[in-house]
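K.L.:
The following block contains the structure, expressed as structure tokens.
The values are calculated or read from the model by the stated rules, or taken from the named source; none is laboratory data. What you are looking at is a predicted structure, and each value in this text was computed from that prediction instead of being measured. For neighbour counting, all protein chains shown are included, and Cβ atoms are generated from backbone atoms with ideal geometry for every residue, glycine included. In case anyone asks, the SASA skips ligands and DNA or RNA and just uses the protein heavy atoms, side chains included. Shrake-Rupley method; radii C 1.70, N 1.55, O 1.52, S 1.80 Å.
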Amino acid sequence: MKTWKRMISGLFALVLLASLAGSALAAEAKTEKTAAKPAGQFTQWFPWLGTDPAAPEASEAVLARMGTVINQTKTAGGETLTLGGAVWDGGAAYLSFTAKSAAFPKELTGKSWVYDDECAVKMPEKQFGNYLRKWLEGKTGDEELSKEEMEQRYQNMLKQGQVMFQPTVALDGREGNTVTFHVLTLVEDVLEKPELTLHLENLTLVGTEAGSGKPQLDGKSAGTVLKGPFDFTFTLERTIPPVNCRGSVPVAYGEVPLLVKSVSASPLQMAVTCGIDVQGPVNLVDQRNEPVEGKMNIDLDKDLKLALNGLWTKDGKYVDCKESMGVTGVLSPADEEGLKVNWSRKFPYPIDPAQVSAVDIGGTRVELSRLERLDG
């Protein structure tokens, strides 16, 4: 079994971290905004996921195929919450809800930060046990664990409880006494129709540094805005199967020759893994490592800069993704053989992964037909 070194720098998104667990990460984050009007309830609930300006109805159709209408309303202490719906991309579930209260402080806006540590997402215990076993099987398939080792790992994680679903709550906007929020929780597509309970309690404004809009490092409270508690139980009904391809396609990227080993696409993002096709010793240069004479020096920030720039769909349309959130991860084995770079990129709006025909890697078009489909 190889020993891997991890190269880490920059910022990254939680949902992308989940897909690159165990990899070294360096992220480049940008946000794309579109002016397209929502075409239906799901694009209204999740405007931050984007809408195709040329075909807003197509974005609505994709979200609806991975969406669940919930429409549950709960009231406690003069606060009324309505959980509208959810979308599930097979790796993360996104929930949209509105809150109404005459007591919301004037400081509460769409730019506010909130403390959400008393919130939770859980499955029924029996279902969680089944989920955890299947999740572990998928994550440890290459480790060749014995039955006893797998059981021990399962029992250790079972004792930790359902912390893997810990939600993140964010504010989207405010109009009068109504505030819109969304919740992110990491739920992988290992069980059909998982049942979840969202628990919201003591959502609290966090003070911000003057003039910066950033949360104070000491997390100073600016007041509780949703005391609750509120509990919503629902079932995630549908997700869209991802597209997964494997192979070995050469790509020239600057001075570094690459072999495209895998391409994956879900409705909200895509990812590629490339082998670094270099003969002889390699030195990875970053903030901690200097160039070394006698080796090929590869600069993580320059030579392996995020190059997953966009995609083509089967109708010939090019989708530019350069302004969307992206992550770079480099896997470096201790023996300096088998170097790999992982690139992930969010889409500017939801896309049916079955319609992706090619990806743009540093200006080179890589056809998915040159790789082997592992599904469908």
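K.L.:
Might you check whether a residue that is over 17 Å from Phe165 (Cβ atoms) and touching a strand residue (DSSP E or B) at 6+ places or on another chain (Cβ under 7 Å) occurs anywhere in the range 121-144?
P.N.:
No: the range 121-144 contains no residue that is over 17 Å from Phe165 (Cβ atoms) and touching a strand residue (DSSP E or B) at 6+ places or on another chain (Cβ under 7 Å).
K.L.:
Then there's this: Could you list, in sequence order, the residues of the range 157-175 that are in a loop (DSSP other than H, G, I, E, B), more than 22 Å from Gly50 (Cβ to Cβ) and either at pLDDT 95 or above or β-branched (Val, Ile, Thr) (or both)?
P.N.:
Selection gives Gln162, Gln166.
K.L.:
Ok, one more. Considering each of Lys295, Lys261, Lys305, Lys317 in turn, give the residue that is open to solvent by 10 Å² or more (accessible area, probe 1.4 Å) and under 23 Å from Pro47 (Cβ atoms).
P.N.:
Lys317
K.L.:
Let me ask another. Within the group Thr43, Thr51, Thr82, which residue is within 26 Å of Gly228 (Cα to Cα) and either at pLDDT 95 or above or touching a Lys or Arg at 6+ places or on another chain (Cβ under 9 Å) (or both)?
P.N.:
It is Thr82.
K.L.:
Which of the residues spanning the range 229-258 are modelled with pLDDT of 95 or more, under 30 Å from Phe42 (Cα atoms) and of a type in the set (D, E, K, R)?
P.N.:
Asp231
K.L.:
Exactly one condition in (1) open to solvent by 30 Å² or more (accessible area, probe 1.4 Å); (2) at pLDDT 95 or above; (3) in a loop (DSSP other than H, G, I, E, B) is not met by Pro350; state its number.
P.N.:
Condition not satisfied by Pro350: (1).
K.L.:
Given the structure, is Ala54 small (Gly, Ala, Ser) and open to solvent by 20 Å² or more (accessible area, probe 1.4 Å)?
P.N.:
yes
K.L.:
In this structure, does Gln152 turn out to be at pLDDT 90 or above and within 30 Å of Thr224 (Cα to Cα)?
P.N.:
It is false that Gln152 is at pLDDT 90 or above and within 30 Å of Thr224 (Cα to Cα).
K.L.:
Still on this model: Report whether or not Gln166 is of a type outside the set (A, V, I, L, M, F, W, C), closer than 18 Å to Asn202 by Cα and open to solvent by 70 Å² or more (accessible area, probe 1.4 Å).
P.N.:
Yes.
K.L.:
For the range 128-153, give me the residue count where each residue is open to solvent by less than 20 Å² (accessible area, probe 1.4 Å) and under 26 Å from Phe234 (Cα atoms).
P.N.:
Adding up the residues that qualify gives 5.
K.L.:
Would you please list the contacts, defined by Cβ atoms under 6 Å and residues six or more apart or on different chains, that run from a residue in the range 81-102 that is without any contact (Cβ under 8 Å) to a residue 40 or more places away in the chain to a residue that is of a type in the set (S, T, N, Q)?
P.N.:
Filtered contacts from the range 81-102: Thr82/Thr73; Thr82/Thr98.
K.L.:
Does the range 192-200 contain at least one residue that is open to solvent by 60 Å² or more (accessible area, probe 1.4 Å), at pLDDT 95 or above and in a strand (DSSP E or B)?
P.N.:
yes
K.L.:
Those residues that are open to solvent by less than 30 Å² (accessible area, probe 1.4 Å) and either among the aliphatic types (A, V, I, L, M) or in contact with a strand residue (DSSP E or B) (Cβ under 8 Å, 6 or more places away or on another chain) (or both), I need them from the range 89-104; list them, please.
P.N.:
Those that are open to solvent by less than 30 Å² (accessible area, probe 1.4 Å) and either among the aliphatic types (A, V, I, L, M) or in contact with a strand residue (DSSP E or B) (Cβ under 8 Å, 6 or more places away or on another chain) (or both): Asp89, Ala92, Ala93, Tyr94, Leu95, Ser96, Phe97, Ala99, Ser101, Phe104.
K.L.:
Looking at the range 303-323, which of its residues are touching a helix residue (DSSP H, G or I) at 6+ places or on another chain (Cβ under 6 Å) and part of a strand (DSSP E or B)?
P.N.:
Thr313, the sole residue that qualifies.
K.L.:
All but one of (1) within 29 Å of Ile351 (Cα to Cα); (2) touching a strand residue (DSSP E or B) at 6+ places or on another chain (Cβ under 9 Å) hold for Pro281; state the number of the condition that does not hold.
P.N.:
Failed condition: (1).
K.L.:
Got a sec? Which of Thr208, Thr204 is in contact with a Pro (Cβ under 7 Å, 6 or more places away or on another chain), farther than 18 Å from Trp45 by Cβ, among the β-branched types (Val, Ile, Thr) and open to solvent by less than 70 Å² (accessible area, probe 1.4 Å)?
P.N.:
One residue alone meets the criteria, Thr208.
K.L.:
Can you name the residue in the range 95-122 that is among the β-branched types (Val, Ile, Thr) and not in a loop (DSSP other than H, G, I, E, B) and is also nearest to Leu236 (Cα to Cα) among such residues?
P.N.:
Applying the filter and picking the extreme gives Val121.
K.L.:
Does the range 243-275 hold any residues that are within 25 Å of the chain's Cα centre (by Cα) and over 18 Å from Gly326 (Cβ atoms), and which are they?
P.N.:
Val243, Asn244, Cys245, Arg246, Gly247, Leu259, Lys261, Gly275
K.L.:
Quick check on Glu125: is it open to solvent by 40 Å² or more (accessible area, probe 1.4 Å) and closer than 18 Å to Phe234 by Cβ?
P.N.:
The answer is yes for Glu125.
K.L.:
Take Ser248 and decide whether it is without any contact (Cβ under 8 Å) to a residue 40 or more places away in the chain and buried (at least 17 other Cβ atoms within 10 Å of the Cβ).
P.N.:
No; evaluated as a whole, the condition is false for this residue.
K.L.:
For the range 62-80, enumerate the residues that are crowded, with 17+ Cβ neighbours inside 10 Å, hydrophobic (A, V, I, L, M, F, W, C) and not in a loop (DSSP other than H, G, I, E, B).
P.N.:
Val62, Leu63, Ala64, Ile70 - these are the residues of the range 62-80 that are crowded, with 17+ Cβ neighbours inside 10 Å, hydrophobic (A, V, I, L, M, F, W, C) and not in a loop (DSSP other than H, G, I, E, B).
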